[in-house]
Amino acid sequence: MKLHQKRLLYAGLIVLLVVIWIFYAANGPQTTAVLAGTVRAATLLALGAMCGMIGERSGVVNIGIEGQFLLSAFAAFTVASMTSSLFLGTIAGIGMGLLMGWMLAAMAVGLKVDQIIAGTVLNIAALGLTSFFYDRSRSLGVGKYTNIDLGPLADIPLVGTVLFSRPPLTYLTMALLIVVHVALFRSVWGMRTRAIGEHPGAADTVGIDVLRLRYFNVTIAGGLAGLGGAYLALEAVGTFSRAMSGGRGFLALAVMIFGRRTPFVAYAAALFFGFTTALQNQFQLNNTFDIPPQFVGMLPFVVTILVVALSGLIGSMRDPAALGQTYEKG
């Protein structure tokens with residue numbers, strides 16, 4: 001990003017913070033609710049974006065995040081209901097995400113199925129399986145994770161409630177942003193991952209097993225989506241319903257693209273999209289402007305289309321050179 005673009009971004013952030021503080025002074029509870037909803041919505045999008053960026057940095061497109069969210073949410077909810085343990089439910093959600101990540105890798109990397117088709121298969125399978133088994137299950141749920149206050153930080157006006165009084169999976173997601181960033185850009189694994197996404201042939205000549213690393217990366221990325229599914233069922237909502245992912249897997253892809261496949265910028269984008277979702281919910285709750293709920297529900301997706309369409313105005317975004325391409329070991 002160029003210098004003048006950074007200055008414009010920082011100036012915009014300062015203006016946004018001032019506006020938020022003005023609204024908080026005028027209507028504190030409503031402003032806090034919207035910002036807390038922003039962080040809640042952004043957490044799921046950030047997990048999906050990290051899943052997508054690890055895959056795409058490796059050269060594998062993953063449009064199956066929607067299905068990974070949905071099936072992992074079902075697994076997490078079912079196991080939590082059966083065991084009365086939110087922790088075991090979370091582990092089950094992550095495990096299902098890992099399994100679906102491995103299935104995507106098996107199709108796209110092993111069998112060399114078209115990557116878009118492979119992701120579509122996951123989405124359709126997840127929707128069908130969850131609908132079929134949900135009709136036949138008697139899971140009642142065990143509630144959801146509650147907020148954990150981080151000492152005196154939670155008492156800070158506005159910021160304390162929004163950032164430092166959150167449930168555990170939200171904190172875990174924030175920690176994972178740092179871990180994934182360091183791993184991608186400050187580790188040998190990250191260097192090799194970016195190499196197989198840009199020039200797999202060159203990576204192969206220096207001894208990197210391209211296919212094996214792609215298998216591994218797409219699988220562990222599925223674990224992040226699995227955590228997202230567990231978050232959706234056990235922290236954000238506290239129950240399971242058919243198609244409850246509601247297109248958020250596709251929104252996560254938009255967040256990843258707008259975030260330039262980097263964790264911190266992607267999280268900033270997730271907060272932006274999360275704000276539109278929180279604003280939509282607030283409009284529907286208060287019946288603001290007497291707008292039909294169907295139109296209000298379109299807000300996050302309309303904003304997504306506009307932002308992605310206009311994203312070129314903030315600078316060029318180049319895909320990894322080998323993205324979507326199968327690799328034949330020489």
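The distance between label points at A202 and L306 comes to 4.0 nm (points 7 Å beyond Cα on the Cα→Cβ vector). Whole Å is fine, so just give me how far the alpha carbon centre of the stretch 205-277 lies from that of the stretch 116-174. So the two Cα centres are separated by 12 Å. For the stretch 117-243, the Cβ-based charge dipole about the Cα centre amounts to some 240 debye (Lys, Arg positive; Asp, Glu negative; other atoms uncharged).
Going from most exposed to least, what order do H181, H199 have by accessible area with a 1.4 Å probe? Walk me through the numbers on the way to the answer.
Working: H181 50, H199 115 Å².
Final ranking, largest accessible area leading: H199, H181.
For Q282 and S241, a Förster radius of 22 Å and the Cβ-Cβ distance give a FRET efficiency of 0.55, rounded to the nearest 0.05. What is the calculated FRET efficiency for A175 to T83, with r their C-beta to C-beta distance and R₀ = 25 Å, to the nearest 0.05? After rounding, the FRET efficiency stands at 0.50.
Which ³J(HN,Hα) values, rounded to whole Hz and listed in residue order, are derived for the stretch 220-236 from phi using the Karplus coefficients 6.51, -1.76 and 1.60 in 6.51 cos²θ - 1.76 cosθ + 1.60 with θ = phi - 60°, glycine and proline given as x? Once θ is set to phi - 60°, the couplings for the stretch 220-236 become 5, 4, x, x, 5, 5, x, 4, x, x, 5, 4, 4, 7, 10, 10, 6 Hz. For the set K112, K144, K329, solvent exposure ranked by accessible area (probe 1.4 Å, protein chains only) runs largest to smallest as K329, K144, K112.
The values are calculated or read from the model by the stated rules, or taken from the named source; none is laboratory data. Given the structure is predicted, the values throughout are model-derived calculations rather than measurements. Glycine also receives a Cβ, built like all others from the backbone with ideal geometry; neighbour counts cover every protein chain displayed. The accessibility values were calculated without ligands, DNA or RNA, using every heavy atom of the protein model including side chains. Shrake-Rupley method; radii C 1.70, N 1.55, O 1.52, S 1.80 Å.
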